[in-house]
Amino acid sequence: MALSTGTRANGGAATVAQRLQKELMDIMTHPTPGITAFPDDENMTRWTATIDGPANTPYASLVFKLSMEFGATYPYAPPTVLFKTPIYHPNVDMSGRICLDILKDKWSAVFNIGTVLLSLQSLLGEPNNASPLNGQAAELWDKDPAEYQRLVLARHKTPEELDAGGL
Amino acid sequence: MAFDEELAQLQKLSGEYEPEATGPLVGERQSSAAITTEYANADPIYRIKTAALPAKYAYFRTCRGDGHCGWRAIAFTYFEALVRVGNATKFTEEEARLSSMHNLLDSAGFPHDVYIDWAEEAFDLLRELAQSLRNEDGRAADLLLHKFNDLGTSLSIMTYFKLLASAWVQSNSENFKHFVPMGDVKTYCSLNIEAANCEIDNVAIVALSEAIITPAGIGFEIMYLDRSPGEEVNVTPFSQPTDHTGMPLPNPPVIRLLYRPGHYDILYKAGDFSPTVQHQPVQPQTPLHVALAAGYHDSFIPVDSNVDVMTMIPGMYSTGLGQRWPPVSYDFDPSPTPQAQMTPVQPYAPTPTPITSVPSTHQEYMSPVHASHMAHHNIQLEQPPVTLPIHPPRPPPLSIERSPLTIERGGPFRPSIYELEPGFASGQVHSLPFQTAIFRNSHYNTAHFLNPDFQPEEWSPDTEYSTANKGKYKST
């Protein structure tokens, strides 16, 4: 299922690398506050991104690191996105896997790195408690905000701590 | 408990199961008799409906069942219909028209630099096809098929069409909101049209029809093949293009899709491929009897085992082959020129007869060996309906595709060497000499009987049995 490779003379058929190159340009020239993303290496298929926890949520002032991996059919298939920073959230499991429809069957080729990260940022403040990966978090979100906040902070690691931990 | 879990697990697996899609993204055009064959053992409703299919829709083309088939089928046939129109200027107009809809994409919130890549891919294809038509290289159909079998190109163009459909629905939300859940057009579009992996639904089909197909002057029908009662597929028209005054366009190209629950393929009428003559240099007409005169003595071989002379006698067999005589139908192939020049993509199966096909001959539709016969048949079809005092009830042969070698002839006569001469079947020679206005397919033409000098072929026992040692015969 590999897409056609090789560049086309007149600029059609953006291959995965071309498309990601374009996205990188866009991110660098129009940075979105609270979001960063940069490729890990030259072939651009793996990126590291960060999102700031939105204000007025239990995640305010925390920074979360994510990994993004782009397959050969991007943008016709979603990237694989994982939280690298441990996070206590109803829709993220203990390994950082995310349950979000646009990263699965509702993915659209018009989405890009920026829209994915913005969606994840808003997921932090508006969890989908109807289909949780972390049932306890879903329950506490409404029932006991104080305890929820405590668990969020207990689980969180700063990027420095993460790096020190060898990640 | 364990059982429930197991069941839930199986249910999950079954829900996630997706059969591996195989086959080309867009297949070669083939005889729709293959569909009849496919359903030969299905339940009676499918059998009846598919048996009636080839008579109306002579060809079909498969699309890979990967969840994109409907999108791909429409995108492909849109370009193909433009190729069939054969007017290079039309491609430029279409590019301008599609570009003019980009403000819809902008107002739907799609980033320009993202969608422009997909748009450019579609425009590139329009330009390449137009160039091919201008060059008259006859490659346009091949080029299109090749492009759509490139996954990247095909996905780009489909994505462009999806965004156009979504933008169209959103900009006409008043018309569509009653057809989407809760009237939430925006959400509906993002989940059911823009999503990278969603099968096309009726809202999107209507949107594509209104936004892309109808304004291009192309008709659009979907034939639904399902278990509903009836003897034919159900035809639903989606586009009936009109001119500025609202009058229907005469003979627009028509996109036809075959829908079987969960899957779309492409259907064609035989007349869809009446070749556009302007690209084909007209063959100089040569007196045909010159070509026919040479070399017959030695080469007559009493043809194929499936020539059964008895079947040529009307009324000899009560069913089947005997029926081919009376119902002469011209309407299913108005094309003035043979198929062979369309594209090099072979084999194209012969046009079917209006009579329901006999299963045992299906192989012949699909076999490349018979490709040449088809060209031959089409030549016959252009023959005007000659009725002559001598043989009034025997119009020239028209419905004879079912058994290619059997009866390429007009009357109840025994095979003549002039028709069954082996060189005939190869098809190379005769597209050229048979184009004379009056005596095309001359050897079939009963008008010869009007010629006072006409000498019918006579049977002579002496020569009949001499073929085995004709060298000796000739030398005597």
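When you count the other C-beta atoms within 10 angstrom of each residue and take the mean per peptide, A:151-163, B:247-259 line up highest first as B:247-259, A:151-163. Mean per-residue shielding of peptide A:96-109 is 4, counting Cβ atoms of other chains within 10 Å of each Cβ. Taking other Cβ atoms within 10 Å as a rough exposure proxy, A:Ile35, B:Ile205 sort from fewest to most as A:Ile35, B:Ile205.
For the range A:26-66, backbone nitrogen atoms closer than 12 Å to the point 7 Å from A:Thr158 Cα along Cα-to-C-beta are found at A:62-63.
Each label point was placed 7 Å from the Cα along the Cα-to-Cβ direction; for B:Glu136 and A:Asp41 their separation is 5.6 nm.
Given the pairs B:Lys90/B:Lys147; B:Lys56/B:Lys186; B:Lys56/B:Lys177; A:Lys22/A:Lys65; A:Lys22/A:Lys84; B:Lys90/B:Lys269, which span a C-alpha to C-alpha distance of over 29 angstrom in this model? Exceeds cut-off: B:Lys56/B:Lys186; B:Lys56/B:Lys177.
With the simple model of a label 7 Å out from the Cα in the direction of the Cβ, A:Lys143 to B:Ile45 spans 5.1 nm. Taking other Cβ atoms within 10 Å as a rough exposure proxy, B:Ile200, A:Ile98 sort from fewest to most as A:Ile98, B:Ile200. Of the beta bridges in the range B:21-273, as assigned by DSSP with both residues counted there, near 75 percent are antiparallel. For the range A:46-156, the Cα-based Rg and Dmax, in that order, read 13.8, 44 Å. Here's the picture: charge each Lys and Arg Cβ at +1 and each Asp and Glu Cβ at -1 in the range B:21-273, and of B:Tyr78, B:Gly230, B:Asn202 the one pushed furthest to the positive end of that dipole is B:Gly230.
Backbone amide hydrogens, once placed in the peptide plane, bring A:Tyr74 within less than 5 Å of nothing, excluding anything fewer than 5 places away on its chain.
Distance from the Cα centre of the range B:199-249 to that of the range B:81-99, in angstrom? After rounding, the separation between the Cα centres reads 19 Å.
Readers should treat all values here as calculations from the given coordinates under stated rules, not as data from a laboratory. No experiment lies behind these values; they were computed from the predicted model shown. All Cβ positions, glycine included, derive from the backbone under ideal geometry; neighbour counts span all protein chains shown.
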